[in-house]
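The values are calculated or read from the model by the stated rules, or taken from the named source; none is laboratory data. This one's a predicted model, so the numbers in the text were calculated from it and none came from an experiment. Ideal geometry is used to build each Cβ from the backbone, glycine not excepted, and the neighbour counts take in all protein chains shown. Only protein heavy atoms, including side chains, enter the accessible area calculation; ligands, DNA and RNA are left aside. Shrake-Rupley method; radii C 1.70, N 1.55, O 1.52, S 1.80 Å.
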Amino acid sequence: MRVSILGTRVIRTEDPRFLTSGGVYTDDVADEQLAGACHVHFVRSAVAHARISSVDVSAALEAPGVVAVFTGADLADLPVAPPPMPGMINAQMGQPLLAADVIRYVGEPLAVVVTENRYQGEDAADLVDVDYEVLPAVVDMAGAAASQTVLFPAVGSNVAATFGDAAALAADLFDGCEVVVSRTIVNQRVAPAPMETRAAAAAWDAGGKLTAWIPNQGAQGTRAALAGMLGMDRAALRVITPDVGGAFGAKFGADPEHAVVCWVARRLGRPARWAESRNENLIGMTHGRAQRQTITIGGSRDGKVAAYRLEIVQDCGAYPKFGAFLPALTILMAPGPYALPRAEAVATSVVTNTTPVGAYRGAGRPEATAAVERAIDLFAAEVGLDPAEVRRLNLLPRFTEPHTTAFGAVYDSGDYATALDKALLAAGYEDLRREQAKRRADGDVVQLGIGLSCYVEITGPGAEEGGPRENATVEVRPDGSATILTGTSPHGQGHVTVWAMLASDELGIPVDKITVKWGDTDLIPEGGGTGGSRSLQQGGAAVQQASRELLGLARQRAADELEANPADLVFDTGSSSFSVAGDPDAAIPLARLAEHERLLVRSVFTAPGPTFPFGAHVAVAEVDTETGKAVLRRVVTVDDAGTVINPLLAEGQRHGGIAQGAAQALLEEVVYDADGNPLTASFADYPFVSATEVPSFELADMETPTSYNPLGAKGIGEAGTIGSTPAVQNAIIDAVAHLGVRHIDMPASPQRVWAALRSAGTQENQHA
Ligand code: MCN
């Protein structure tokens, strides 16, 4: 018997290839597979809202290397892309693949130039002459619902969806509260900005079958979305996922551009390819967050919260995509880890003349945590108690049986106060408060802030009837190797390593002899992909389940070979072989059982429901009170994702998540001017986080297993992002709280912090 490999720091088996020969991304797909491919270049709108009077492509057609130019009118045979959430989001607000009549955001694709070489497309696109009849633009989500300017006149308003009944909010929710604080805050729009931008390559065979290479988070979901946009049968479409250079929620499904590339390849009868520039990515790929939240919190002077209300306006951008649905997740998680006696939340999703909003790491849950964590701090400041104390007073007590919240979420297991205590201990909270008091007393120019955040989030939510599920196929080969097919779709998370660990632990086959395959719909037609931090708890659990079932099949075969009773056989993972109990000489290796007939099992793991990881973050920031510059000094976190299978990978996920979350609090923001022109369309203007803006993170351990899968694992992929943003924001505000500042919207740019200091103590900062 050997000891289990689970829970150990196995180094990523993916990395030698990435570090030596390099990955093969969509743009690297070999020319042999795409012989004679043409290049697609999108012509994008330069204005935010306009009627298209005419598109003159004649000059572009004459340009060197131009094969064809197509406009929206050419695609009239295709269906309008349906919104992704039928029933919930206004079905009349679908995005055409290429805008033909009305432009609704800067960067909306309205034509394509197809050329022999890529560089020719850029030049020729400049020659496409678009005549716009410019319309007033709706940019600010706050006024969108009541605006006279509507993006979709047939709908009659800019409201895409509502959640809860704003008219039915309880008039007496805060009755009896000694203290009530209310504030409107902004959870600003950010750009996912993956290292690899969007791309596609498409080729049709003589039989009418399409193969599309697309960087995505799940080939099967991408195939379904593409088939819908192209109005074709899924069976005639094969999606292949090359290496993916980051996705962060924004590469789920498919975008209109992907479908247009496939359409061009069919129309021209030759393969087509597309890779977008960074500028196109920053205005064309869906953005994240983009909520305006009004938080109201009330309770007694002893720090007990009695009531909480969250009112959300969600900016969907020009077309309602997943962004329109984000408030549903925000509302589900609105009370966070707290026992709030009375709570209500409502939301309105509105369209504006900006880039569509979609999922971005955390997708709806960071917004919930940010709201309630700011509310708790505002309340603590008002009653004059330590924010750690107010949190401790209001956290749900530890529970091991599922707990149903007022919003219908069923938290599987939780121990929130312990997470907070561990984080405070690891941070040295009392010492930090002492240092802060000293700096305040001394009137130092650089003040210290300590920010807290407690969170619980949802991972692995799935709409499938019977529970969220995933499939895995495990095959053992006669040479002692094994292959795993998975419906998940790693793009940085390390599934190759962990799925191999899970199979190795059952089958006794070394990790380096196990191959993991994903992302080819011909090979793996079903799968839920990777998102919502679902992969380990569902896809990993499926690998373990399939491995166990494979052992069951093998046991039967071994019993036949050894002429023994299956029940008398023992499997030794150390030697990967069966032997007869009490007769070690009568043994047969697992691999030998694959010699005459394939030894293969496909299994579907179904979970009873999603899981609810939780944790607590402590951030320490310094703020220069003369310049407004905020510097993040420390981030200490407890992120409990149940049983951890590979601490190295789980910690890597926490690091990446914390950095992205801190970046939202510190620097990142997509900005538009009043006419809807994007002002952050390059990395010169969009401040992308780098190692220089964040300290080395301090991670404390905590594992509260879930009973929802045999691994005991919850998700970790988004936790860092969810916990860190409010902790960092709270730290910056805390640094200047004694000067009368109660709130600073994100990101905490020097300008914004400085302005808050200037207006500190005034009516404006106290009760905006
Ligand atoms: N893990 C573990 N023990 C646990 C939980 C997870 O060892 N208890 C390991 C898993 O085996 C896996 C990794 O941690 O190797 C993440 O697992 P999981 O939490 O199941 O999340 P997913 O694999 O489903 O990843 C999705 C999540 C999401 S939703 C976004 S967005 C995100 C993220 O992962 N985007 C990423 N991390 C990213 N990392 C990179 N590099 N790039 C992205 O685009």
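Evaluated with a Cβ-only charge set (Lys, Arg +1; Asp, Glu -1), the chain carries a dipole of roughly 700 debye about its Cα centre, given to the nearest 20. Solvent-accessible surface of the stretch 682-727, taken per residue with a 1.4 Å probe and all protein chains present: 39 Å².
May I ask which of K321/K629; K517/K714; K629/K714; K251/K422; K209/K251; K209/K517 have a Cα-Cα span longer than 26 Å here? Result: K321/K629; K629/K714; K251/K422 exceed 26 Å.
In loop segments of the stretch 625-695 as defined by DSSP, the GluC sites (Glu not before Pro) with at most 15 further C-beta atoms inside 10 Å of their C-beta are E626. Using a probe of 1.4 angstrom and keeping all protein chains present, the accessible surface of the stretch 1-138 works out to 50 square angstrom per residue. Cross-link reach is defined here as a Cα-Cα straight distance under 16 Å, omitting same-chain residues fewer than 8 places apart; for K304 the aspartates and glutamates meeting it are D175, E178, E373, D377, E382, D386, E389. The packing ranking, built from the mean of other Cβ atoms within 10 Å per residue, places the peptides 680-690, 276-286 in the order 276-286, 680-690, highest first. In the chain, the DSSP beta bridges split such that about 80 percent are antiparallel, to the nearest 5.
A DSSP coil position with no more than 15 other Cβ atoms inside 10 Å describes none of the chymotrypsin sites (Phe, Trp or Tyr not before Pro) in the stretch 586-675. In the full protein context, the stretch 177-311 carries 27 Å² of accessible surface per residue, based on a 1.4 Å probe and ignoring ligands, DNA and RNA. Just name one of I588, P608, T573: the one whose Cα is farthest towards the positive end of the charge dipole of the stretch 553-617 (beta-carbon charges, Lys/Arg +1, Asp/Glu -1). In the stretch 553-617, that residue is P608. Using R0 = 25 Å, the C-beta based FRET efficiency linking T20 and Y119 works out to 0.25. The phi-based Karplus calculation (6.51 cos²θ - 1.76 cosθ + 1.60; θ = phi - 60°) puts the 3J(HN,Hα) values of the stretch 194-211 at x, 4, 8, 6, 6, 7, 7, 9, 9, 9, 9, 8, 4, x, x, 8, 9, 10 Hz, whole numbers, x for Gly and Pro. Element breakdown for the chain at a 1.4 angstrom probe: carbon and sulfur atoms account for 52% of the accessible area. Under the rule a/c < 1.5 gives rounded, and otherwise a/b versus b/c splits prolate from oblate, where does the chain land using the Cα gyration tensor? Verdict is oblate for the chain. The residue list Y708, A35, A359 was ranked by how far each Cα lies along the charge dipole of the chain toward its positive end, using unit charges on Cβ atoms, and Y708 comes out on top. Dipole of the stretch 258-403 computed with +1 at Lys/Arg Cβ and -1 at Asp/Glu Cβ about the Cα centre; of G317, S349, A290, farthest Cα towards the positive end is G317.
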